[in-house]
């Protein structure tokens, strides 16, 4: 009976998400901006020699006045040629390109430290962050600034997805990540934000200073995005906005193998135990319980419970994957739905471990 109730609640949740997503897609952002806002793009990097040049070139193609945005590369102790590549490209950059070398400090999150120190030397009204292994469209900055102007936003979260590769491993990660994109977007639209991605968020300098930045969680390696979002949402719940404009989508590479994927997901999962918001904690427990009950239903061959969970979830995932222009992956959704519960339970349990490896460092 309890499992049936849990699945009914999950059915309702996905139904709400479907309705919300369709409503979000109907809304249009009007172009009200003259592109006069001064923007600061902050890119924390560590050993990104294979990727950073492509991103710098993407920024050179922006349809946003070059005089109105600056780019700060926060070089966090790279041991490869990342710094040399950035210094070389300064000659070709049409925008103001700076490099800030960050030195190791104990008891601080490397990424939070990089962002904090970059903001200290920046001049932009709106801070936009992404990662060194990402690619962006020529209208990326313009589409974010339009939302900022029209919605008077304090924080803007935009889509991050994986580059399309023809492999089952990439497909699994794309579909799994699509569920996070969709649920995060809908929750933010409903003024109940629960997640965002630091590879594509923007916030005003003013609100960053108002909530005292990363103060209170600066020692945690993960959560540079979500902890900040929650602090802002507590004060301005109606001005934390999800940007559904396709021009704002950031693409990044999926993890190349299970070892890298394992460490990344451990890093993401590790922050859940640090949340103090009852709503966020309750949601995490609920999702864990739903997937645990799905495993039970699979082994007991309770097809009604399986259908109750999977059918609305399938529809919702189809909407997201279709929006990302990766329709060829839709046929794999039922297979992913069957293995996904084992993944959630596994990472939910290993999140209790304190340490993980990221960018060649052991963090906690």
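Results for (1) loosely packed, with under 13 Cβ neighbours inside 10 Å; (2) over 28 Å from residue 207 (Cβ atoms); (3) out of contact with any strand residue (DSSP E or B) (no Cβ under 8 Å at 6 or more places or on another chain), shown as yes or no for each residue.
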residue	(1), (2), (3)
82	no, yes, no
86	no, yes, no
89	no, yes, no
94	yes, yes, yes
100	no, no, no
123	yes, no, no
129	no, no, no
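Each row is one residue, and each column tells you yes or no for (1) in contact with a helix residue (DSSP H, G or I) (Cβ under 7 Å, 6 or more places away or on another chain); (2) surrounded by fewer than 21 Cβ atoms within 10 Å (Cβ to Cβ).
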| site | (1), (2) |
| --- | --- |
| 112 | no, no |
| 116 | no, yes |
| 119 | yes, yes |
| 126 | yes, no |
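Looking at the range 351-364, can you tell me whether even one residue there is assigned to a helix (DSSP H, G or I), at pLDDT below 95 and out of contact with any strand residue (DSSP E or B) (no Cβ under 7 Å at 6 or more places or on another chain)? Can you show your working first?
Step one: list which residues in the range 351-364 are assigned to a helix (DSSP H, G or I), which gives none.
No, every residue in the range 351-364 fails to be assigned to a helix (DSSP H, G or I), at pLDDT below 95 and out of contact with any strand residue (DSSP E or B) (no Cβ under 7 Å at 6 or more places or on another chain).
Would you call residue 156 buried (at least 24 other Cβ atoms within 10 Å of the Cβ) and touching a strand residue (DSSP E or B) at 6+ places or on another chain (Cβ under 6 Å)?
Criteria met by residue 156.
Since residue 312 meets every condition but one in (1) surrounded by 15 or more Cβ atoms within 10 Å (Cβ to Cβ); (2) closer than 19 Å to residue 169 by Cα, which condition does it not meet?
Failing condition for residue 312: (2).
Table: residues versus (1) modelled with pLDDT of 95 or more; (2) part of a loop (DSSP other than H, G, I, E, B).
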residue: 7; (1), (2): no, no
residue: 22; (1), (2): yes, no
residue: 36; (1), (2): no, yes
residue: 41; (1), (2): yes, no
residue: 47; (1), (2): no, yes
residue: 56; (1), (2): yes, no
residue: 86; (1), (2): yes, no
residue: 93; (1), (2): yes, yes
residue: 99; (1), (2): yes, no
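One line per residue, one yes/no per condition, for (1) at pLDDT 85 or above; (2) farther than 23 Å from residue 161 by Cα; (3) touching a strand residue (DSSP E or B) at 6+ places or on another chain (Cβ under 9 Å); (4) in the same structural domain as residue 109 (by TED's automatic domain parsing):
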{"site": "284", "(1), (2), (3), (4)": "no, no, no, no"}
{"site": "292", "(1), (2), (3), (4)": "yes, yes, no, no"}
{"site": "301", "(1), (2), (3), (4)": "yes, yes, no, no"}
{"site": "310", "(1), (2), (3), (4)": "yes, no, no, no"}
{"site": "317", "(1), (2), (3), (4)": "yes, no, no, no"}
{"site": "322", "(1), (2), (3), (4)": "yes, no, no, no"}
{"site": "333", "(1), (2), (3), (4)": "yes, no, no, no"}
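So, of the residues in the range 62-75 that are touching a residue at least 60 places away in the same chain (Cβ under 8 Å) and touching a strand residue (DSSP E or B) at 6+ places or on another chain (Cβ under 9 Å), which turns out to be farthest from residue 91 (Cα to Cα)?
Out of the qualifying residues, it is 64.
When you scan the range 123-239 for helices (runs of 4 or more DSSP H) that lie fully inside it, which ones turn up with 1 or more residues that are without any contact (Cβ under 8 Å) to a residue 12 or more places away in the chain, under 24 Å from residue 343 (Cβ atoms) and within 17 Å of the chain's Cα centre (by Cα)?
In the range 123-239, the matching helices (runs of 4 or more DSSP H) lie at 168-189.
Would you mind listing the helices (runs of 4 or more DSSP H) fully within the range 242-340 where at least 3 residues are under 17 Å from the mean Cα position of the chain (by Cα)?
258-270, 303-323
Any residue in the range 311-337 that is farther than 15 Å from residue 18 by Cβ sitting within a Cβ distance under 7 Å of a residue that is not in a helix (DSSP H, G or I)? List the pairs, counting only those 6 or more apart or interchain.
So the pair list comes out as 324/161; 326/164.
Over 25 Å from residue 24 (Cβ atoms) and either crowded, with 21+ Cβ neighbours inside 10 Å or modelled with pLDDT under 95 (or both): does that describe residue 217? Spell out how you get there, then give the answer.
Working: over 25 Å from residue 24 (Cβ atoms): yes; either crowded, with 21+ Cβ neighbours inside 10 Å or modelled with pLDDT under 95 (or both): yes.
Against the criterion (over 25 Å from residue 24 (Cβ atoms) and either crowded, with 21+ Cβ neighbours inside 10 Å or modelled with pLDDT under 95 (or both)), residue 217 qualifies.
The values are calculated or read from the model by the stated rules, or taken from the named source; none is laboratory data. Because the structure is predicted, anything quoted here is derived from the model rather than measured. Quick reminder, even Gly has a Cβ in these numbers, built from the backbone with ideal geometry, and neighbours come from all protein chains shown.
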